[in-house]
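Working notes, structure below.
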Amino acid sequence: MLRSLVSGEPVYDCAHVIPKFEQTVCITGHRGKSVIPYQGLEEYRDITMKTVKLMLCRYIDMAVSAGSTTFLSGLAMGTDLWAADYILRIKEKDDRIKLIGAMPFLRHAERFSIEYRKLLERVEHGADLLITTCMDPEMVYGKKRSENTSPDLYRDRNYFMVERSAAVLAFFEPAESHSGTAQTINQAARLGRKIRSFGLSQVYSVIERSGKDFRAAATEISFMENVFLRP
């Protein structure tokens, strides 16, 4: 059995994991460094980041309200872990909710910042299950294929999550067309999965309408239509 190098929790082969398809949502999205503050001004970075995270939480709430009970997180820095952290909070109040963490390979967090490693450790301890799409503990990502490197590790994880989910929730910027998020969304489109996403244009619109007041922005977000109830 493999164990996480961050939390020590057991990590299982993804081949043996078959969640309830119609109730499963996988989450994908960009890292914090991709979040350009409103109007490109550093003074608005805080409200921009807070609005992104609050919209992500609202979309997760929408999915739960629409009947989703299992969430797949790729455990990457940024959106994946922000979402997973919120799902842990939901789990405390609703025992129907399950969180599955999907690692692309065992050593995926070696370059995480200290802050994200702490968050990852908390998420791994709270998750219902940790799995990996690569059972070789020595394998790492590399652009050239060799005995211990592969360029396909993140793709394999992304494709696995899409294949096991009825819907994909994404924080996605169309300009980031070569990102792992774009790869995940494109695979979801090919497989006919439901895709529900938001980007910085929606975030900026909320900030604009709120007069740059986060409390007003939070109120608007709380009344957003549940997009998971759409056909």
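Summary of values
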quantity	calculated
Selected residue (criterion: surrounded by the fewest Cβ atoms within 10 Å (Cβ to Cβ)) from residues of the stretch 84-95 that are within 26 Å of Phe112 (Cα to Cα) and of a type outside the set (Phe, Trp, Tyr)	Arg89
Residue satisfying all of: in the stretch 34-55; of a type outside the set (D, E, K, R), over 20 Å from the mean Cα position of the chain (by Cα) and assigned to a helix (DSSP H, G or I); farthest from Gly211 (Cα to Cα) among these	Gly40
Count of residues meeting criterion [under 26 Å from Glu225 (Cα atoms) and either out of contact with any helix residue (DSSP H, G or I) (no Cβ under 8 Å at 6 or more places or on another chain) or not in a strand (DSSP E or B) (or both)] in the stretch 7-33	8
Residue that is surrounded by the fewest Cβ atoms within 10 Å (Cβ to Cβ) [pool: residues in the stretch 66-83 that are of a type in the set (Val, Ile, Thr) and outside any helix (DSSP H, G or I)]	Thr69
Subset tally (residues that are at positive phi and within 20 Å of the chain's Cα centre (by Cα)) for the stretch 175-231	1
Qualifying positions in the stretch 33-57 - surrounded by 17 or more Cβ atoms within 10 Å (Cβ to Cβ) and not hydroxyl-bearing (Ser, Thr, Tyr)	Val35, Pro37, Ile47, Val52, Lys53, Leu54, Met55, Leu56, Cys57
Residues of the stretch 33-81 satisfying the condition of being out of contact with any Leu (no Cβ under 7 Å at 6 or more places or on another chain), small (Gly, Ala, Ser) and on the phi < 0 side of the Ramachandran plot	Ser34, Ser65, Ser68, Gly74, Ala76
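Computed from the coordinates by the stated procedures, all read-outs in this text should not be read as laboratory data. The structure presented is a predicted model; accordingly, all values stated were derived computationally and were not measured. Glycine gets a Cβ as well: all are built from the backbone with ideal geometry, and neighbour counts include every protein chain shown.
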